[in-house]
Amino acid sequence: MKRTLYLKFLLAYLLFGIFGFVVVATFVYSMTYERLRRDKADSMYQVATQIANTYAADLYNSETSLETVHMQLVALSKYMDKSSIWIVNPSGRLVLDSSRNLGPGQEIVIEGFDPTVTGSSYYTTGNFFGSFDRDVLSVFAPITANFKVQAYVVVHTSIADIQNSANEFLNISYLMLIVLFLLSMIILIFFTELVYVPLRKITTATEQYAAGNMSYEFSVESEDEMGYLAASLSYMAGEIARQEDDQKKFIANVSHDFRSPLTSIRGYLVAMQDGTIPEEMHSKYLGIVINETDRLTKLTNELLTLNNLNTKGMLLDRSDFDINQVIRNVAESFGGICIDKKIAIELVLTDEKMLVNADMSKIQQVLYNLVDNAIKFSHKESSVKIETTEKHSKVFVSVKDSGIGIPKEDQKLIFDRFYKSDLSRGKDKKGTGLGLAIVKEIIKAHEENINVISTTGVGTEFIFSLPKAAAMDEEE
Ligand code: ATP
Ligand code: MG
């Protein structure tokens, strides 16, 4: 494809040259020849009528002799180079010829002389009724005396001069054509540089991408549509490469997270079957196996949730509900764990009721995940604080603990799927690293924000925003 585009353009260029040549060759010569012939005939006609009205008229009015007129015409014809002046009477007899002396009694009659041969014009080209062996341009002017055409002044001039001039003009035109043709090469160069070269780079790149080489790099340094196309293309390739990368990482993480509980389940079961674990210990190890299957169930559910959030996109079941009540419910559901770890959940809620407009079950899930993390990564005998504040038309919910904290470099990664900071691994072996990814997706679907403030060894605070219900806004 890329070769033929260039060939096509080259072909168009050559066609332009050939047609230019044909047009110049056919029209320029005939047009200039016509024009020059007419100009020449015009000027000769003026001379001829002048002769007809002066010298020749005198002759027919018998005011001067034939010899005198002959001498005058000879002198005149010298000024009109390569011309000869004839006086021909209507019957075709040559009365006078400026180029030769007609002896007395010498009679030359032009066979077939016909003054109407010029038609509507006053000149003709040809050998003048066989009088010349080459083509001449002949101009007629009638001599009138006594209200009658007595004779004609005929001025002949060689046509070769006109042909030469026309040819010279044609040569100049050819020269101009060549210059133009060469100048138009600039267009070809521009086309090559601005269109063809970038286009080749882009096609090579698309071929590479199509073949799966998404890391192929190329650049087109122009700020026109070509540059924009190239930039978009390489951006697209980058995005695809990144997605492929994410996909691979995701699959690797999923399989890893599925494999470890399966391995441990299998290990315990085999040990029970072959008697490595004595029968009386079975119930203890079956408990572990049940725990592991619980973990697998949790992982599967979370993956499904994430997948649904992704495919459904923005599909939210929004309603106005009291966020304070949801917070109280979530805190309550952690009661048992809190007693075990001796952790107090402290609620600092603004107003009795705080209506927000959001998807209640999803926000519940967000709170559940955040409180779960806060408790998981807190030390025993500490407290977790859940706070609501309102500002403008937003409600901010904060979940704050004084636990292990998140290292600075991990803070932007914790919302990624499967990400778990090294610090937390000792505290929580069961975690899948999907909780915050789900939280982030939900908040994003609400077009709200979530932020984390954390210092290692001091504690962590997650704050997310929610839109206040319209009913609440009106009350104020
Ligand atoms: P899951 O929520 O699926 O059980 P998880 O809690 O490990 O697993 P996330 O909730 O996504 O996964 O959290 C990701 C990581 O962020 C955690 O593994 C932990 O390293 C860090 N993290 C999250 N919340 C806190 C917190 N309150 N204090 C300290 N580290 C935290
Ligand atoms: Mg979690």
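Please treat every number below as a calculation from the coordinates, not as lab data. Everything quoted here is computed from the prediction, not taken from an experiment. Note: ideal-geometry Cβ built from the backbone for every residue, glycine included; neighbour counts use all protein chains shown.
Taking the Cα centre of the stretch 317-475 as the origin, how large is its charge dipole in debye, to the nearest 20, when only Lys and Arg (+1) and Asp and Glu (-1) carry charge on their Cβ atoms?
840 debye
What GluC sites (Glu not before Pro) does the stretch 34-98 have in DSSP loop regions with at most 13 other beta carbons within 10 Å?
Filter output for the stretch 34-98: E63.
Could you list the GluC sites (Glu not before Pro) in the stretch 360-398 that lie in coil according to DSSP, counting only those with at most 10 other Cβ atoms within 10 Å of their Cβ?
The qualifying sites are E381.
So who's got an amide H within less than 5 Å of the one on A358, skipping anything under 5 residues away but keeping other chains? H placed 1.01 Å off N, in plane.
S319, F321
Helix 197-210 versus the longest principal axis of the chain: what is the Cα-based angle in degrees, 0 to 90, to the nearest 10?
Approximately 30 degrees, to the nearest 10.
Which whole-number percent is the relative contact order of the stretch 102-185 (Cα, under 8 Å, 6+ apart)?
The normalised contact order for the stretch 102-185 reaches 17 percent.
Return a whole-number percent for the relative contact order of the stretch 317-475, with Cα pairs under 8 Å and 6 or more residues apart as the contact set.
26 percent
Just to confirm the filter: which trypsin sites (Lys or Arg not before Pro) across the stretch 298-398 are DSSP coil and have at most 14 other Cβ within 10 angstrom of their Cβ?
Here the trypsin sites (Lys or Arg not before Pro) that fit, given the DSSP loop and packing criteria, are K342, K353, K380.
Which value at 222 nm does the chain reach when only helices count, each DSSP H run of 4 or more adding -39,500 (n - 2.57), with the total divided by all residues and rounded to the nearest 500 deg cm²/dmol?
Result for the chain: -17500 deg cm²/dmol, rounded to the nearest 500.
P(r) tail for the chain, what percent of Cα pairs lie past 28 Å?
74 percent
Take D39, D317 and order them by how many other Cβ atoms sit within 10 Å, fewest up front.
D317, D39
For the chain, what relative contact order do you get, as a whole percent, if you take Cα pairs closer than 8 Å and at least 6 residues apart?
10 percent
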